[in-house]
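A.B. asks: One structure, pasted below without further comment.
Just so you know, all these numbers are worked out from the coordinates, no wet-lab data involved. Please read all numbers here as calculations on a predicted model, not as lab measurements. As a convention, Cβ positions derive from the backbone with ideal geometry for all residues, glycine included, and neighbour counts pool all protein chains shown.
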Amino acid sequence: MPHIIIEHAEHLPIPTQQLIEHIHLATEQTKLFDVSTIKTRALGYTAFKLQPGKCGFVHIQAHLIAGRSETQKQLLSDTLLNTLKAIFDNNWSLSVHPYDLQPEIYRKN
């Protein structure tokens, strides 16, 4: 854990795999997780509408097993957002949101 899901406008200024690598490495660098458990993937969208002046978006969902402190979640959010800001200019809408997964109902094999 975690599952890092990058939703983005399909017309990225860098290859999608490169974005995944940057975000995966940034997640590792927080030292909040066992690196062997981090899973990062991306979904591109061709249809979307944004506020005037924005040409695209990147939104990261970080799905975490419940139990992380607010400070830890803020560290993850800040780290990932700063990574996005280093890649994308102000014409892009950038956001990050950690979500708690309840261990009582989360299942995996």
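A.B. asks: Does I4 count as within 17 Å of L94 (Cβ to Cβ) and buried (at least 16 other Cβ atoms within 10 Å of the Cβ)?
C.D. replies: Yes; evaluated as a whole, the condition is true for this residue.
Residue-by-condition table, conditions (1) crowded, with 17+ Cβ neighbours inside 10 Å; (2) of a type in the set (D, E, K, R); (3) under 18 Å from S95 (Cβ atoms):
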position: E21; (1), (2), (3): no, yes, no
position: K31; (1), (2), (3): no, yes, no
position: K39; (1), (2), (3): no, yes, no
position: A42; (1), (2), (3): yes, no, yes
position: A47; (1), (2), (3): no, no, no
position: A62; (1), (2), (3): yes, no, yes
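A.B. asks: While we're on this one: Anything in the range 89-106 that is closer than 30 Å to K54 by Cα, not aromatic (F, W, Y) and not in a loop (DSSP other than H, G, I, E, B)? List them, or say none.
C.D. replies: If the condition is that a residue be closer than 30 Å to K54 by Cα, not aromatic (F, W, Y) and not in a loop (DSSP other than H, G, I, E, B), then S93, L94, S95, V96, H97, P98, D100 are the ones that fit.
A.B. asks: Now a separate question. When both residues are 6+ apart or on different chains and their Cβ atoms are under 8 Å apart, which pairs have a first residue that lies in the range 65-83 and is surrounded by 16 or more Cβ atoms within 10 Å (Cβ to Cβ), and a second that is of a type in the set (S, T, N, Q) and part of a helix (DSSP H, G or I)?
C.D. replies: Note: pairs meeting the criteria are L76/T27; T79/T27; T79/Q29; L80/T27.
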